[in-house]
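See structure below.
No value in this document is a laboratory result; all are computed from the given coordinates. The shown structure was predicted, so the numbers you read here are calculated from the model rather than taken from an experiment. FYI the Cβ positions are ideal-geometry reconstructions off the backbone, even for glycines, and counts take in every protein chain you see.
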Amino acid sequence: MKLRDKRVLAVLAALVAMSMIATGCGGGEAETTDGGSAATEVTKVKLGVSSPFTGDVAALGLGIKNGATLAIKQANEDPAVKELGLEFEGLFVDDAADPKTGVNAATQMTSDAKVIGIVGHLNSGVSIPTSAKYREAGLVQVSPASTNPQLTQQGFENVFRVCTIDSVQGSFAGDFAVDKLGAKNVAVISDSTPYGDGLADEFAKQLEAREGKVIAREKIQLKDQDFKALITKIQGQKPDMIYFGGMYTEAALITKQAKEAGLKIPVMGGDGLYTQQFVDIAGAANAEGDFATSVGLPLELQPKGQDFKAAFEAEFPGTTIEAYDTYAYDATMVIIEAAKKVAADMGADKVATPAGKKAIMDAVAATDYDGVTGKVSFDEVGDTTNKAITAYVVKDGAFVPYAE
């Protein structure tokens, strides 16, 4: 062979070698990191996280985002995750507490092949219509906050929640109103959403079962601000209290305008009220003595609540821990634990495949996880087996657990 031909062959061989180095052996979404003596291939996958990050109830939605962010960060620091060759990333999409926006958010998340599961949503009215999109895409959905029973009554195998449901919370509130507050005549208002109407109906049903009386059953619309006519109507019926099914912004305006009109009775609601924003919007004096129930235990009584608080404050200094932050953390960790199992069984490179996503769904259904909020497991329809509810009262300008 001529010298010139040998040189050409040598150049071609070098180019082929360089090409192999540049493209690597993995080809897909895997990346290679140098761990010292040996290289470790890392497969990056995403968790879709969607709740209202803007708008009237953004405080609760941003809390969900924070809880999920902390879980993802800690998971990526876990040696077991690194050994499996996994790395998690959050895909955070604002649903604006609006069903149509939520469906668009679901479309965005399901269009990303790296997304292996969904943490969301806050509002039942968003979780219900989006759940079909996630099912169609073969993705597991774990809600940290949607409490309307209809979500899991659809019979979808991909839908789970780590919070308890309105029938439990509404019934608890009905008993609480009778047993602790001595309420007999209650005006019930709701915000015309699946969450608000469902919770108010469950409260009213239990109140009447306890021989209380619903003297008014009224509905408002989200973003309504002037309740003076409604309050005047209710005032003439002399209620002992107002029960509101809905979120904190409207509830705060109702209690503010009621107190200003001389209707000085407590307003009570569910987990949608349980945020400092309720007090701040209403004004501390107007909110004093109002009540809210919320799923689970107070942070200080949650099994890993103090550990969560320390980690949260280090990650988000100066940020308030909201009602569903720990539930978002646990919902995220449930999917992460399932992904770890699938990576161990099938390989990290299979986690984001259709088969991997189906295996994640099956692993979530079999969850037995010691979370921040307590033992996390699901019944046959995807509801949490943890039915704890806590009542809170506004005292000296802040919600505190109710104590007799």
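Structural remarks
- Using alpha-carbon coordinates, inclination of helix 305-315 to the longest axis of the chain, degrees: 60
- Within the shell of other residues whose beta carbon sits under 13 angstrom from the beta carbon of residue 171, the net charge comes to -3, with Lys and Arg scored +1 and Asp and Glu -1.
- Our estimate of slack between residue 78 and residue 56, defined as 0.36 nm per intervening residue step minus the Cα-Cα distance, is 4.3 nm.
- Beta bridges assigned by DSSP with both partners in segment 249-404 are antiparallel in approximately 85 percent of cases.
- The residues 135, 217, when put in order of fewest to most other Cβ atoms within 10 Å, stand as 217, 135.
- Charge tally for residue 289 (other residues, Cβ to Cβ under 14 Å; Lys, Arg +1; Asp, Glu -1): +1.
- Residue-span extension gain [residue 136 to residue 379] - 0.36 nm each, minus C-alpha spacing: 85.3 nm
- Computed over segment 271-404: relative contact order in percent, which uses C-alpha pairs under 8 Å that are six or more apart: 37
- 5 angstrom amide H check on residue 117, placed H, neighbours 5+ away: 48
- Potential extension, residue 44-residue 238 segment - 0.36 nm per residue separation minus Cα distance: 63.8 nm
- Cα-based shape type of segment 273-333, given that a ≥ b ≥ c are square roots of the gyration tensor eigenvalues and the cut on a/c is 1.5: prolate
- Seen from residue 90, the other residues with C-beta closer than 14 Å to its C-beta sum to a net charge of 0, counting Lys and Arg as +1 and Asp and Glu as -1.
- Burial order of peptide ranges 194-205, 226-237 (average beta-carbon count within 10 Å, highest first): 194-205, 226-237
- In this Cβ point-charge picture (+1 for Lys and Arg, -1 for Asp and Glu), segment 146-255 has a dipole of about 320 debye about its Cα centre.
- When shorter helices are ignored and each DSSP H run of at least 4 residues is given -39500 (n - 2.57), the per-residue value for the chain at 222 nm works out to -14000 deg cm²/dmol.
- Between 236, 247, 214, the Cα set farthest toward the positive side of the dipole of segment 191-311 (charges on each charged residue's Cβ, about the Cα centre) is that of 236.
- Alpha-carbon centroids, segment 277-313 and segment 49-95: separation in whole Å: 21
- Exposure proxy shown here: for 274, 392, 329, 402, the number of other Cβ atoms within 10 Å sets the order, fewest to most, as 402, 392, 274, 329.
- GNM on the chain, alpha-carbon springs under 10 angstrom: the most fluctuating residue among 215, 335, 189 is 215.
- Share antiparallel - DSSP beta bridges, the chain, percent rounded to 5: 30
- Flagged links, alpha-carbon separation over 19 Å, of 304/358; 65/219; 46/73; 46/358; 180/256: 304/358; 65/219; 180/256
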